[in-house]
Amino acid sequence: MAARAGPGADWLPPRAPGGPVIHTVEMHAGGEPLRVVLPGGLAGLEAPEGLPLLALRRRLLASPELDGLRRLLMHEPRGHRDMYGALLARSELPEAAAGALFVHNEGASSMCGHAVLCLARLALDYGLRRPPPAGPGEVPVTIHCPCGPVVAFASWDGRRSGSRVRFHSVPAFAAATDLTVDVPGYGKVVVDVAYGGAFYAFLSAERLGLDVSSSKIRDLVDAASAVTEAVKAQFKVCHPLIKDVAFIYGTILTDGKDAFSDEPTNNICVFADAQVDRSPTGSGVTARIALQYHKGLIQLDQTRVFRSSSTGSLFTGKAVKEVKCGDHNAVIVEVSGESFYTGTSTFTMEDDDPLKYGFLLK
């Protein structure tokens, strides 16, 4: 049947018989995109027996069919090499509004702070979490991430959510400080490694002969990617409780301004396959706060402002509570920012399209 001109349930182009029709909600926080697939929106992601979220992540990474759908949504021509997404599933945790699998150009992450800022709003507006009957206020929303449950607090005016959201992280900690790694093309470089739901390497861009605010993005990406590969090869990360998250996700280059100040500090996060975060990076802010606290540069409840060197967008972060994570002295970090809706999309594919699962250009 020919497609009808005009919106409606059958307003779809010719497509593969029985092929996927994937509806998404499009959002961003700090300029970093988020393409959201609602629970039940990706066939095969959830098993009838109700697998735990970490098992679903393993299934996503191991399944050629599911990985093909990830690439379909993230890669060109439907996305781009810096697209980011959240595949929502029903969580085994009764308190969670949803479980979230965070996907990008290379695979699936263990945590994404900018996504949590978006998903807290979406959970209220799309009925995944019932708002309280009392009316306007701040509503707690639990998002089950692969690294663990994260509690967000979304503003609510009685009818819809507001753009301002904050969340409390999983336990965050410093994994290594003043670690010397040999980076091809840059020599021996001193880095720190910290965990904020994902593991990152941190260093001032100045140590690589760059300026995080004025150097070309390509130069920053190349340098950060080289550091990531060097740290992966020369340092083994370990999480005391969750084996699945024990990998270096990326490198965050900073302006070196780690001591407490009311002035914003700039950084750029390069993760996965040389993917650039447009936001200040929520899980990166979490890890960087944990690192600063570990070094005695900030105290509990001292708020730092973090600015993305690529878009100028701002997140704030502060350590709010000391906790333990295995043998690590850790902190719970509060990250705040704004998130916004940008639209909705519907994606299909044709069987004879040789690029139906997408491609990436470097």
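The values are calculated or read from the model by the stated rules, or taken from the named source; none is laboratory data. Fair warning: this is a prediction, and the values are worked out from it, not measured in the lab. Cβ atoms come from the backbone with ideal geometry, glycine included; neighbour counts cover every protein chain shown. Heads up: the accessible areas ignore ligands, DNA and RNA and are worked out on the full protein's heavy atoms, side chains in. Shrake-Rupley method; radii C 1.70, N 1.55, O 1.52, S 1.80 Å.
Which residue, chosen from ALA224, SER309, LEU101, occupies the Cα position most advanced towards the positive end of the dipole of the chain, where the dipole is computed from +1 (Lys, Arg) and -1 (Asp, Glu) charges on Cβ about the Cα centre?
Of the candidates, LEU101 comes out farthest on the positive side.
Counting alpha carbon pairs within less than 8 Å and at least 6 residues apart, what relative contact order, in whole percent, applies to the chain?
20 percent
With a 1.4 Å probe and all protein chains kept in place, how do THR316, THR281 rank by accessible area, largest first?
The ranking, largest first, comes out as THR316, THR281.
Testing the spin-label approximation: label points 7 Å from Cα along Cα→Cβ at SER163 and THR346. State their distance in nm.
Each label point lies 7 Å from its Cα, and together they span 2.9 nm.
Going by accessible area, probe 1.4 Å, with all protein chains left in place, what is the ranking of HIS23, HIS328, largest first?
Result, largest first: HIS23, HIS328.
Write down the radius of gyration of the chain and its Dmax, each obtained from C-alpha positions, in Å.
Cα only, the chain: 20.3, 67 Å (Rg, Dmax).
Would you work out the charge dipole size for segment 216-362 about its Cα centre, treating the Cβ of every Lys and Arg as +1 and the Cβ of every Asp and Glu as -1, and quote it to the nearest 20 debye?
520 debye
Quick one: pull the percent of accessible area on segment 279-362 belonging to carbon and sulfur, 1.4 Å probe, ligands and nucleic acids left out.
Carbon and sulfur: 48 percent of the exposed surface of segment 279-362.
Would you mind telling me which residue in CYS325, CYS112, CYS147 has the biggest mean-square fluctuation in a Gaussian network model of the chain, where springs connect alpha carbons within a distance under 10 angstrom?
Evaluated over the chain, the most mobile residue of the options is CYS325.
Mind ranking LYS321, LYS295 by accessible surface for me, highest first, 1.4 Å probe?
Final ranking, largest accessible area leading: LYS321, LYS295.
Tilt of helix 217-234 relative to the longest C-alpha principal axis of the chain, in degrees (0 to 90, nearest 10)?
That works out to roughly 80 degrees.
Can you give me the angle between helix 64-74 and the longest principal axis of the chain, using Cα atoms only, in degrees from 0 to 90, rounded to the nearest 10?
With rounding to tens, the tilt is 80 degrees.
Compute the length gained on full extension between HIS80 and ASP327: take 0.36 nm times their separation in residues and subtract their Cα-Cα distance, giving the result in nm to one decimal.
Here the segment from HIS80 to ASP327 would lengthen by 84.9 nm.
Can you give me the accessible area per residue for segment 23-140, using a 1.4 Å probe, in Å²?
37 Å²
Suppose every Lys and Arg Cβ carries +1 and every Asp and Glu Cβ carries -1, with no other charges. What dipole size does the chain come out with about its Cα centre, to the nearest 20 debye?
I would put it at about 360 debye.
Using protein chains only and a probe of 1.4 angstrom, how many square angstrom of SER225 are accessible, to the nearest 10?
30 Å²
Set the bar at 26 Å for Cα to Cα. Now go through LYS188/LYS324; LYS188/LYS236; LYS236/LYS324; LYS216/LYS236; LYS232/LYS362; LYS232/LYS356 and name every pair that lies beyond it.
LYS188/LYS324; LYS216/LYS236; LYS232/LYS356
Can you give me the % of accessible surface on segment 149-221 that is carbon or sulfur? Probe 1.4 Å, all protein chains present, nothing else counted.
Carbon and sulfur together cover 48 percent of it.
Considering the Cα positions of segment 98-147, please state its Rg to one decimal place and its Dmax as a whole number of Å.
When restricted to Cα atoms, segment 98-147 yields Rg and Dmax of 12.5, 43 Å.
In degrees from 0 to 90, rounded to the nearest 10, what is the angle of the helix 113-125 Cα long axis to the longest principal axis of the chain?
Tilt relative to the chain: about 40 degrees.
Quick one: work out the % antiparallel among DSSP beta bridges in the chain, nearest 5.
Of all bridge pairs located within the chain, approximately 85 percent are antiparallel.
Restricting attention to the alpha-carbon atoms of segment 35-96, what are Rg (one decimal) and Dmax (integer), both in Å?
12.2, 38
Top mean-square fluctuation among ARG130, ARG59, ARG164, Gaussian network model of the chain, C-alpha springs under 10 Å?
Of the options given, ARG130 has the highest mean-square fluctuation.
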